């Protein structure tokens, strides 16, 4: 089971990487609040799906969906000072894949 943890983390990060630019463009047009709301709801739904999945394939699909729909990391760089941005990023990275949605 431990050998499956690496691919689980990788598919989430890769799918989040592939859509982060699109989420940024979408937030420039529609605002940050809808992106944060969609990202939080999608993160919660994908975590429930991940927890309820009975197979590796189902868990991997849940992680991919969570990464594709997760547009909530873009706001980390919006702090007024570089010190606040650094502390927010530290908190996000410390949270890892534990489902932290409210940071800062």
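Hey, can you tell me all the residues within region 47-59 that are in contact (Cβ under 8 Å) with a residue 24 or more places away in the chain and under 16 Å from the mean Cα position of the chain (by Cα)? Within region 47-59, 47, 59 qualify. Of the residues making up region 44-59, those that are surrounded by 14 or more Cβ atoms within 10 Å (Cβ to Cβ) and either out of contact with any helix residue (DSSP H, G or I) (no Cβ under 6 Å at 6 or more places or on another chain) or at positive phi (or both) are 45, 47.
The numbers here are math on the coordinates, done by the rules we state, and not lab data. Because the structure is predicted, anything quoted here is derived from the model rather than measured. Because the Cβ atoms are built from the backbone with ideal geometry, glycine has one as well, and the counts that use them run over all protein chains shown.
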